[in-house]
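Chemist: Quick one: this structure, given as structure tokens, is what I'll be asking you about.
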Amino acid sequence: MNKSLLFFLVFACACNQNEPVATKNAYFDLNGYFEKQKATLISESPLVDKTVSKGSSSERKRLKIKSWDSELAPFVSSDINKPAWRDSYTVFSQPNFIRYSAKEPKLRTRVIEIRKDDRNQIRSILISNESNNTLYTSTERLEYYPDSLYRITKKQNVILIGTNEYTVTGRIIR
């Protein structure tokens with residue numbers, strides 16, 4: 001065998017041994033998408049008209065968000081790309097729409113809907129989360145419209161304490 005061919009084969013095999021194996025996400029990469037959104041929002045530092053409502057009272061302020069990580073955490077925590085959940089969601093897809101629906105009632109993230117425009121840019125992400133056990137029931141609806149609005153609506157019913165509802169709405173001012 002030619003020495004240069006042998007050297008090439010040994011070199012090629014050695015180079016590939018330490019490379020991590022890339023895994024492809026089974027579903028839309030919510031975590032990756034919101035990492036990019038956070039980076040954009042941090043660099044642009046837009047003013048946000050933020051309203052927090054709890055029950056019948058609400059408070060509204062215009063401010064700059066100090067931590068987009070915290071602000072968008074409920075969206076990131078709804079990512080369904082966990083190895084154990086690989087076949088746990090039904091996928092319904094059309095050209096500008098995709099919907100992931102949980103197959104099992106124990107999964108917290110029940111539905112994710114993503115709408116895109118004709119240029120394949122995301123127009124909205126809607127997420128429904130539910131948690132149930134013997135002590136409480138919790139539902140959460142998350143809405144995200146890039147460059148304009150995000151909304152988190154949560155309702156909790158805790159035994160012996162009662163029902164608690166709140167909504168956080170952030171309108172991004174550009």
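Chemist: Do any residues in the stretch 154-166 that are surrounded by 14 or more Cβ atoms within 10 Å (Cβ to Cβ) have Cβ atoms under 7 Å from those of residues that are at pLDDT below 90, where the two are at least six apart or on different chains, and which pairs are they?
Modeler: From residues that are surrounded by 14 or more Cβ atoms within 10 Å (Cβ to Cβ), the pairs are Gln156/Tyr136; Asn157/Tyr136; Glu165/Gly55.
Chemist: Turning to a different aspect of this structure: Quick test of your reading of the structure: Arg62 fulfils all but one of (1) surrounded by 12 or more Cβ atoms within 10 Å (Cβ to Cβ); (2) within 28 Å of Asn164 (Cβ to Cβ). Name the failing condition by number.
Modeler: (1)
Chemist: If I go through the stretch 28-57 residue by residue, how many of them are closer than 29 Å to Val111 by Cβ, touching a residue at least 12 places away in the same chain (Cβ under 8 Å) and hydroxyl-bearing (Ser, Thr, Tyr)?
Modeler: 3
Chemist: Among the residues of the stretch 95-139 satisfying the criterion of being charged (D, E, K, R) and in contact with a Ser or Thr (Cβ under 7 Å, 6 or more places away or on another chain), which is surrounded by the most Cβ atoms within 10 Å (Cβ to Cβ)?
Modeler: Initially, the stretch 95-139 is screened for residues charged (D, E, K, R), giving 99, 103-104, 106, 108, 110, 113, 115-119, 123, 130.
In the following step, the residues that additionally are in contact with a Ser or Thr (Cβ under 7 Å, 6 or more places away or on another chain) were identified as 103-104, 108, 110, 115, 130.
Details: Lys103: 10, Glu104: 9, Arg108: 15, Arg110: 18, Arg115: 15, Glu130: 16.
This residue is Arg110.
Chemist: If you check every pair at least six apart or on different chains, which have Cβ atoms under 7 Å apart with a residue in the stretch 71-88 that is over 27 Å from Asp49 (Cβ atoms) first and a residue that is of a type in the set (D, E, K, R) and part of a loop (DSSP other than H, G, I, E, B) second?
Modeler: Listed pairs, sorted by first residue: Asn81/Asp29; Ser88/Lys103; Ser88/Glu104.
Chemist: Looking only at the stretch 107-162, which residues are assigned to a loop (DSSP other than H, G, I, E, B) and either closer than 24 Å to Thr51 by Cβ or among the charged types (D, E, K, R) (or both)? Lay out the reasoning, then the answer.
Modeler: Narrowing the stretch 107-162 to residues assigned to a loop (DSSP other than H, G, I, E, B): 107-108, 117-121, 133-135, 146-148, 159-161.
Selection gives Arg108, Asp117, Asp118, Arg119, Pro146, Asp147, Ser148.
Chemist: So, Ser101, is that one closer than 22 Å to Tyr33 by Cβ and small (Gly, Ala, Ser) or not?
Modeler: Working: closer than 22 Å to Tyr33 by Cβ: yes; small (Gly, Ala, Ser): yes.
So Ser101 passes the test.
The values are calculated or read from the model by the stated rules, or taken from the named source; none is laboratory data. It should be emphasised that the depicted structure is a prediction, and the values quoted were computed from it without experimental measurement. A quick note on method: Cβ atoms are made from the backbone with ideal geometry, for glycine too, and the neighbour counts reach across all protein chains shown.
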